[in-house]
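Got a structure here, written out as C-alpha cells. Questions coming.
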Amino acid sequence: MPVLQLDHYDIDISPIGTDHLRWLAAQEFAGIAVLTDDNTAQHCLPLIKEQLAVFQPHYITVPAGEKHKTLETCQHIWEQLFQAGAGRNWCLLNLGGGVIGDMGGFCAGTFKRGMDFIQIPTTLLSQVDASVGGKLGIDFYGVKNSIGLFRDPRAVWADARFFQTLSARELRSGFAEIIKHALIADVQQWQELQQITHLESIDWSEWVARSVSIKQEIVKEDPHEKGIRKALNFGHTIGHAIESYFLETATPLLHGEAIAAGMICEAWLSAKQLGLSKPKLTAITDYFLTIYGHQAIPEGIDELLLSTMRQDKKNEDTRINFSLIPAAGKVAVNQTATEEEIVGSLVYYRALG
Ligand code: NAD
C-alpha cells in the first residue's frame, strides 16, 4: 500500500481497511466525529460506516457545495461538536471533497484551540491537491478561502474506491492538477501522461500517489507559500479569472476545466517569455484539447478577466504574477507579463476553437 511518510503525518493511498482502523484505535482519541456533506453521506459513508461503528462516532452532515463553505456552516459544525461533548482530545474525520476538507479542518483547527483531524478526501481534486499542504479555510466577504489557517492533519486516507460515484466531469476536473504537477516538476510523468487519453482506464491509486508526492516535495520546501510553493499556481492566474467569469454565467466551469484553459494560455506566455519550445507548446496545447476540448471564451471580456487578475492575491505589487514553465518539468515563479501579452494568450486560445 503506497504510504507517503511526511514529517508529522502519513498520506496513505489504499482502500480503508483494518490497518487504518487499528491505527485509529491506537491513537486513543476520547471520541470521534465524522463530517460529511449530503452527497458524501450518501455515497461515501456507506463504504466505511460499518468499520467505524466500533468508535461510536458522532455524525455531522452539512449541505454540499462551495456556497456552503461559510462561517454559518462552521457555526453548525462547532455546535454539533459541543452537543456531542467533544473536547480537544477528540478527532474529526473529514469525509468529502475539498470543501469538507478545508472547512472541517478549519473547524477542527480552531475548536477549543485545536482538535485533531483526519482528511479522507473523496474527490480526485481533493486527493491530489486539497489534502496536501495544510491549507484550511472558508469563504468570507465574497472572497474564496479568505479566513483560515495552516495546520496539518493527523493523517490523510486517500481511497480510490470513492471515485466510483464521482461524475466523469469531476474526475476530469481533478485530473488537471495531475497534469499540472507533471508539467511543473516531472518531465517523465508528463511524457507518460500523454499516453492517457481516456480516463476510464486509469489506475488512480498509482497516479494519485505519484502526483501527491510532487506536491508534497514542493510544499515541504515552502510550507507557508513564501516562494517556490507558488509553482503550484501554474495556469491558475488566467484560469482563476476564467473560472470566476463563468461562475456568473448559466454554464459555470469546474475548477480543473478552467485551469486547463489557463494552462494553455500560460504555456503560450511561457513560450513567449521563457523560451518554452514551439513543439512543446503544441504538445501541451494538443493534450489539453484532447482531454478538455475547447471552451469558448467570449470576445470582449478581456478587460473583465484582466481586472480579476489584477486583484489576484499572488500579486506582490501592481504587476500580475505568474508561475511559468521554461520547459516541461521545470517552473519559474514570480514571472510577470504585460496586459497586451496576457490578451495575446487569450487570442491564441480562442484561435484554437
Ligand atoms: P467539493 O468538495 O465541493 O466536491 C465536489 C462535489 O462532489 C460536491 O457536490 C460533493 O458533495 C461531491 N462529492 C464529493 N465526493 C464525492 C463522491 N465520492 N461521490 C459523489 N459525489 C461526491 O469540491 P472539490 O472539487 O473536491 O474541491 C474544491 C474545494 O477544494 C474548493 O473549495 C477549493 O478552494 C478547495 N481546494 C483546497 C486546496 C487546499 O490546498 N486546501 C487545494 C485545492 C482546492
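The values are calculated or read from the model by the stated rules, or taken from the named source; none is laboratory data. All values derive from a computational prediction rather than experimental measurement. Please note: Cβ atoms are built from the backbone with ideal geometry, for glycine as well, and neighbour counts cover all protein chains shown. The area values use the complete protein model at the heavy-atom level, side chains included, leaving out ligands, DNA and RNA. Shrake-Rupley method; radii C 1.70, N 1.55, O 1.52, S 1.80 Å.
Which lysines have a Cα less than 24 Å from the Cα of Lys67, not counting those fewer than 8 places away in the same chain?
Lys135, Lys144, Lys313, Lys314
Further question: Helix-only mean residue ellipticity at 222 nm, the chain, DSSP H runs n ≥ 4 weighted -39,500 (n - 2.57), per residue, nearest 500. What is it? Write down the numbers at each step before the final one.
Values: 13 runs with 162 residues, N = 353.
Theoretical 222 nm ellipticity from helices: -14500 deg cm²/dmol.
What does the charge count near Arg22 come to, summing +1 for each Lys or Arg and -1 for each Asp or Glu among other residues with Cβ under 13 Å from its Cβ?
-3
Can you give the Rg/Rh ratio of the chain, where Rg is from the C-alpha atoms and Rh is the Kirkwood radius?
0.97
Which of the trypsin sites (Lys or Arg not before Pro) across region 232-317 are loop residues per DSSP, with 12 or fewer other Cβ within 10 Å? Mind showing how you got there, number by number?
On the way: sites: Lys272, Lys280, Arg310, Lys313, Lys314; in loops: Lys313, Lys314.
Sites meeting the loop and neighbour criteria: Lys313.
Considering only C-alpha atoms, what is the centroid distance from region 274-323 to region 198-240, in Å?
Centre-to-centre (Cα) distance: 18 Å.
Can you list, largest first and rounded to whole Å, the semi-axes you get for region 114-238 by taking the square root of 5 times each eigenvalue of its Cα gyration tensor?
Working: eigenvalues 113, 66, 43 Å².
After scaling each eigenvalue by five and taking roots: 24, 18, 15 Å.
Let me ask something else about it. Can you return the aspartates and glutamates within cross-link range of Lys226? Criterion is Cα-Cα under 17 Å, with same-chain partners fewer than 8 residues away left out.
Here the aspartates and glutamates satisfying the reach criterion relative to Lys226 are Glu217, Asp312, Glu316, Asp317.
What GluC sites (Glu not before Pro) in region 280-353 are in a loop by DSSP, with at most 15 other Cβ atoms within 10 Å of the Cβ? Mind showing how you got there, number by number?
On the way: sites: Glu299, Glu303, Glu316, Glu339, Glu340, Glu341; in loops: Glu299, Glu316.
Hits after loop and neighbour filter: Glu299, Glu316.
Pull out a ≥ b ≥ c, the square roots of the eigenvalues of the alpha-carbon gyration tensor of region 3-165, then state rounded if a/c is under 1.5, prolate if not and a/b is larger than b/c, and oblate in the remaining case.
Numbers: a/c = 1.33, a/b = 1.19, b/c = 1.11.
Judged from the Cα gyration tensor, region 3-165 comes out rounded (a/c under 1.5).
Separation between the Ser167 and Asp312 pseudo-spin-labels, each 7 Å from Cα along Cα→Cβ, expressed in nm?
Simple spin-label model gives 2.7 nm for this pair.
Roll a 1.4 Å probe over the protein chains and send me the accessible area per residue for region 3-165 in Å².
45
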